[in-house]
1. Out of Ile15, Ile6, report the one residue that is touching a Phe, Trp or Tyr at 6+ places or on another chain (Cβ under 7 Å), touching a residue at least 40 places away in the same chain (Cβ under 8 Å) and either of a type in the set (Lys, Arg) or within 21 Å of Lys91 (Cβ to Cβ) (or both).
2. If you check Gly89, Gly55, which single one turns out to be touching a Gly at 6+ places or on another chain (Cβ under 7 Å), in contact (Cβ under 8 Å) with a residue 24 or more places away in the chain and closer than 30 Å to Asn5 by Cβ?
3. So, in segment 54-75, exactly how many residues are within 18 Å of Gly89 (Cβ to Cβ), in contact with a helix residue (DSSP H, G or I) (Cβ under 8 Å, 6 or more places away or on another chain) and buried (at least 17 other Cβ atoms within 10 Å of the Cβ)?
4. Here is a list of conditions, (1) within 24 Å of Lys91 (Cβ to Cβ); (2) surrounded by 12 or more Cβ atoms within 10 Å (Cβ to Cβ); (3) among the charged types (D, E, K, R), and Lys26 meets all of them except one; can you say which number that is?
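Every number in this text was worked out from the coordinates using simple rules, so none of it is lab data. This structure is a prediction, so every number in the text was calculated from the model and none was measured. Please note: Cβ atoms are built from the backbone with ideal geometry, for glycine as well, and neighbour counts cover all protein chains shown.
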Amino acid sequence: MTSENIDWTDAFAAIEAAMIRAANQKSAKIAESEAERHGLTNKRDGKYEVWERTGDGVILHFRWHYYDQSHAYRTYPDMNVMSLELRQGDKIIRQAEYRFED
């Protein structure tokens, strides 16, 4: 996919499908790879891993993070959260979120 030509809707759909596979296989790397294949670049944002691509006033934004669900005297698996947004300016056109524990 060249940097000049992108079908934003197709890119969103492909990354969302990869997020579903990633959640089922408990590996965010699957979705990360698909985001990069569509030209999104990684920008670490604090505790979040963020991939983003912009063009023609459109932003495709993929984010992954995890958190520890454990509490005192109880151990639980980490919760992984992957989210995807397609925005035009401040307006969200499409969004998706998938979670998995590991």
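1. Details: Ile6 fails: touching a Phe, Trp or Tyr at 6+ places or on another chain (Cβ under 7 Å).
When all the criteria are applied, what remains is Ile15.
2. Values: Gly55 fails: touching a Gly at 6+ places or on another chain (Cβ under 7 Å).
Every option except Gly89 fails the conditions.
3. Here is the first cut: in segment 54-75, the ones within 18 Å of Gly89 (Cβ to Cβ) are 54-61.
Keeping just the survivors that are in contact with a helix residue (DSSP H, G or I) (Cβ under 8 Å, 6 or more places away or on another chain) gives 58, 60.
Checking which are buried (at least 17 other Cβ atoms within 10 Å of the Cβ) leaves us with 60.
Count: 1.
4. Only one criterion in (1) within 24 Å of Lys91 (Cβ to Cβ); (2) surrounded by 12 or more Cβ atoms within 10 Å (Cβ to Cβ); (3) among the charged types (D, E, K, R) is unmet by Lys26, namely (1).
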